[in-house]
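Worksheet: the structure to be examined is printed underneath.
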Amino acid sequence: MNRFFTSLFLIAILWSCGTSKNTNSTPTITNIPQTPIVGSKINYWQQHVDYKMDIDMDVNTYQYKGKQTIVYTNNSPDVLNRVYYHLYFNAFQPDSEMDVRSRTIADPDSRVKDRISKLQPNEIGYIKVNSLKQNGKTLKHETVGTVLEVDLAKPIQPGEQVTFDMLFEAQVPVQIRRSGRNNKEGIALSMTQWYPKLAEYDFEGWHADPYIGREFHGVWGNFDVKLTIDKNYVVGGTGYLQNPNGKTNGEKTTWHFSAPNVHDFTWAADPDYIHDTKQVPNGPLLHFYYKNTLDAEKKQNWKKLQPKTVELMQYFSKNIGKYPYDQYSIIQGGDGGMEYAMCTLITGQRTFGSLVGVTAHEMAHTWFQFLLASNEAKHEWMDEGFTSYISHWAMNDIMKENKANPSAKAYEGYYYLAKSGKEQPLTTHADRYQFNQAYSIAAYNKGEVFLAQLGYIIGENNLKKTIKKYFNDFAFKHPKPMDIIRSAEKISGLELDWYLMDFAQTTNTIDYSVKTVNNTKVTLERIGLMPMPLDVTITYIDNSTEDFYIPLQMMRGEKPTNATIIKDWAWAYPTYTFNTKKAIKHIEIDPKGMMADIEKGNNKK
């Protein structure tokens, strides 16, 4: 089969959803609310936007023209006088906020450094809006960095739908961060955050953050995208292919994709992609795209990755909630690993273990941030930390790592940060950390410890139930930090607002010590400001052991435990004394190490 027909064949099966399904129509997706909750007892609402885009890509100049029509539904109780769009590609220009921040922060991202400042005019990224109309009326708009500010011709009333028509042109930047052309592994196009993207509006107002360095937030909706590109390119990404044979005109082919109820649309393209598929039993069809130019060992790693990805999909669906779409794609591209709608882009020149690890993490993001669409800019720890937690536990199971605590390294990272003097609370906006390292440890490590330690507080079985309830209650919505706490409270029956406040909203630390042991009398001391319930194990002089559980009074209850439950410890009292029935040989606070106590040395006598 020659190159032309090979490319057509690969693209034709690109978005196949299984041999039993009609690939010419969008599959029925179960458990996806197509309309938001409005006027319910909990008064939850969220905005909705439907995109229709026609894109013509020139693979020689890396420029493209776009026609975009969106239907925007104002489900809020507010009258909207303005709207905002994200123009993310504008970040890849000399003197942009991303460029200046990278050149002025003490520890710049090694992938960025001063690279943006050196881009030439034909290498920069941009999105230029040439015209914008609201229900046929031309609008005034101004591009301010990576944000388009739009004055409306007429305010959008609560419950009203309006149509915005836009013509735009854009240039794909040289690949530096996440998006771009010709990444270090030779992928031609990594097209992420590539279109004018309507900003989200919720009860907190508009979220029209400039793109400086971190991640994203978007409006739930449906996408209908027609992409016209060189006929030799193989394309992978978000959505289902509506025309399996494509529509070829001269040297270009138009591919029509539909993506139901997502908050992003991503694609990647390269003329040298190999395209493999693997069916998950009772689950989605997995797609794999990787360069034919990889060496034999790396290609073999991508082959070996495929059955492991099936296991990962099954693990996450079992332990969080069922993946609701009919396909998912793992695509070589980008600059490391980054999650997107129904797909991920990862670099592919890796060892097998690294390839599985990055796939586990990015696939887990499908649940924590894509389906549970928290605002990554404001609550980065909710997606990065929770993803790190579940992916480490998945790797421990699937790769037979046999770790007693798969989150142990996250605890170590947090301890370092807490003692470094560089820690900022998890309420810090993702772009406002003084150090990139502090952001990374806070988001990934402390965020993971938040969830792992929640299991220590309410019990491991209750944590497993909490994760599932959180998914069931907040999938296809925009959960906030209190939502995971309320899910845990409803499962455990315990009061847990103190935990969110102290661990996520302050830099208070946990430090408990064994102050004195006198025969059968023990006195413990709280040194850190943050309260916790305590697990304590005592070894008596006859070498028998007994576990004790000291409830935290403000929790108003206890976790399920086989330990001996003794009286509550009220936080304001700095010491706590209790007696045992036998003389004590040895005592240890939190012997399993699941409490994030920053000074382990004083936990035993």
Please list, in order, the residues from the range 472-499 whose amide nitrogen is less than 18 Å from a point placed 7 Å along the Cα→Cβ vector of T427.
480-486, 496-499
By accessible area of protein heavy atoms, probe 1.4 Å, what ranking do W571, W45, W302 get, highest first?
W571, W45, W302
Angle in degrees between helix 447-458 and the longest Cα principal axis of the chain, rounded to the nearest 10:
40 degrees
Along the range 309-316, what does the Karplus equation 6.51 cos²θ - 1.76 cosθ + 1.60 (θ = phi - 60°) give for ³J(HN,Hα), rounded to whole Hz, x for Gly and Pro?
5, 4, 5, 5, 4, 5, 5, 5
Starting from the Cα gyration tensor of the range 373-433, take the square roots of the eigenvalues, sort them a ≥ b ≥ c, and report rounded, prolate or oblate (rounded when a/c is under 1.5, otherwise prolate if a/b is larger than b/c, else oblate).
oblate
Share of accessible surface on carbon and sulfur in the range 431-588, whole %, 1.4 Å probe and ligands ignored, is 46 percent
Using protein chains only and a probe of 1.4 angstrom, how many square angstrom of R214 are accessible, to the nearest 10?
40 Å²
Let's test the formula: R0 of 56 Å, r as the Cβ-Cβ distance of L529 and D54. What FRET efficiency results, to the nearest 0.05?
0.45
When DSSP beta bridges are limited to those with both residues in the range 311-418, what percentage is antiparallel, rounded to the nearest 5?
50 percent
Whole-angstrom gap from the range 134-164 to the range 492-522, using each part's C-alpha centre
51 Å
Picking from S391, I527, G186, whose Cα lies most toward the positive end of the charge dipole for the chain (charges on Cβ: Lys, Arg +1; Asp, Glu -1)?
S391
Length gained, K409-M501, 0.36 nm per residue minus C-alpha separation, equals 30.8 nm
To the nearest 10 Å², what's R82's accessible area with a 1.4 Å probe?
80 Å²
Indicate the gyration tensor shape class of the range 192-231 (rounded, prolate or oblate), computed on the Cα atoms with a ≥ b ≥ c the square roots of the eigenvalues: a/c under 1.5 is rounded; otherwise a/b larger than b/c is prolate and the rest oblate.
oblate
What does the highest-first list of 507-515, 158-166, 440-448 look like by mean Cβ count within 10 Å?
440-448, 507-515, 158-166
Along the Cα-to-C-beta direction of N130, a point sits 7 Å from the Cα; which residues of the range 165-181 have their amide N less than 16 Å from that point?
165-172
With every protein chain kept in place and a 1.4 Å probe, the chain has an accessible area per residue in Å² of 40 Å²
Given pairs K197/K318; K133/K226; K464/K582; K378/K403; K318/K600 and cut-off 29 Å on Cα-Cα distance, the over-length ones are K197/K318; K464/K582; K378/K403; K318/K600
With +1 at each Lys and Arg Cβ and -1 at each Asp and Glu Cβ, the charge dipole magnitude of the range 60-200 around its Cα centre, to the nearest 20 debye, comes out at 360 debye
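Placing +1 at every Lys and Arg Cβ and -1 at every Asp and Glu Cβ, with all other atoms neutral, what dipole size does the chain have around its Cα centre, in debye to the nearest 20?
Rounded to the nearest 20 debye, it is 900 debye.
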What is the percent carbon and sulfur in the accessible area of the range 115-229, measuring with a 1.4 Å probe over the protein chains and ignoring ligands?
46 percent
Specify which residue in the list T238, A373, V358 is farthest towards the positive end of the charge dipole of the chain, using unit charges on the beta carbon of Lys, Arg (+1) and Asp, Glu (-1), about the Cα centre.
V358
Note: the range 489-600, point scatterers on Cα, Debye, no solvent; log10 I/I(0) at q = 0.10, 0.13, 0.14, 0.18 Å⁻¹ equals -0.29, -0.49, -0.57, -0.93
Calculate the FRET efficiency for K419 and T277 from the Cβ-Cβ distance with a Förster distance of 51 Å, rounded to the nearest 0.05.
0.60
With r defined as the distance between the Cβ atoms of E251 and T61 and R0 fixed at 22 Å, what FRET efficiency is calculated, to the nearest 0.05?
0.95
Using the Cα gyration tensor of the range 234-374, with a ≥ b ≥ c the square roots of its eigenvalues, what is the shape: rounded (a/c below 1.5), prolate (a/b larger than b/c) or oblate (neither)?
oblate
In sequence order, what are the phi-derived ³J(HN,Hα) couplings for the range 461-475 according to the Karplus relation 6.51 cos²θ - 1.76 cosθ + 1.60 with θ = phi - 60°, rounded to whole Hz, with x for glycine and proline?
5, 5, 5, 4, 5, 5, 4, 5, 5, 4, 5, 4, 7, 10, 4
With θ taken as phi - 60° and the coefficients 6.51, -1.76 and 1.60, list the Karplus ³J(HN,Hα) couplings across the range 150-166 in order, rounded to whole Hz; mark glycine and proline as x.
10, 8, 7, 6, 8, x, 8, 7, x, x, 8, 9, 10, 10, 10, 10, 9
Compare the Cα positions of I541, T561, Y573 along the charge dipole of the range 504-605 (+1 at Cβ of Lys, Arg; -1 at Cβ of Asp, Glu; about the Cα centre) and return the one farthest towards the positive end.
I541
Give me the percent of the accessible area of the range 315-428 that comes from carbon and sulfur atoms, probe 1.4 Å, all protein chains in place.
51 percent
Cross-link candidates for K278: which aspartates and glutamates have Cα within less than 15 Å, leaving aside residues fewer than 8 places away along the same chain?
E311, D326
Where Rh denotes the Kirkwood radius from the mean inverse Cα pair distance, what is Rg over Rh for the chain?
1.01
Report the full-extension gain for the segment D230 to D151: residue separation times 0.36 nm, less the Cα-Cα distance, to one decimal in nm.
24.7 nm
What spacing in nm lies between the two simple spin-label points modelled at D547 and Y44, each 7 Å away from Cα in the Cβ direction?
3.4 nm
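The values are calculated or read from the model by the stated rules, or taken from the named source; none is laboratory data. These figures come from a predicted structure and were not determined experimentally. Virtual Cβ from ideal backbone geometry, glycine too; neighbours counted across all protein chains shown. Side chains included, ligands, DNA and RNA excluded: accessible areas come from the protein's heavy atoms. Shrake-Rupley method; radii C 1.70, N 1.55, O 1.52, S 1.80 Å.
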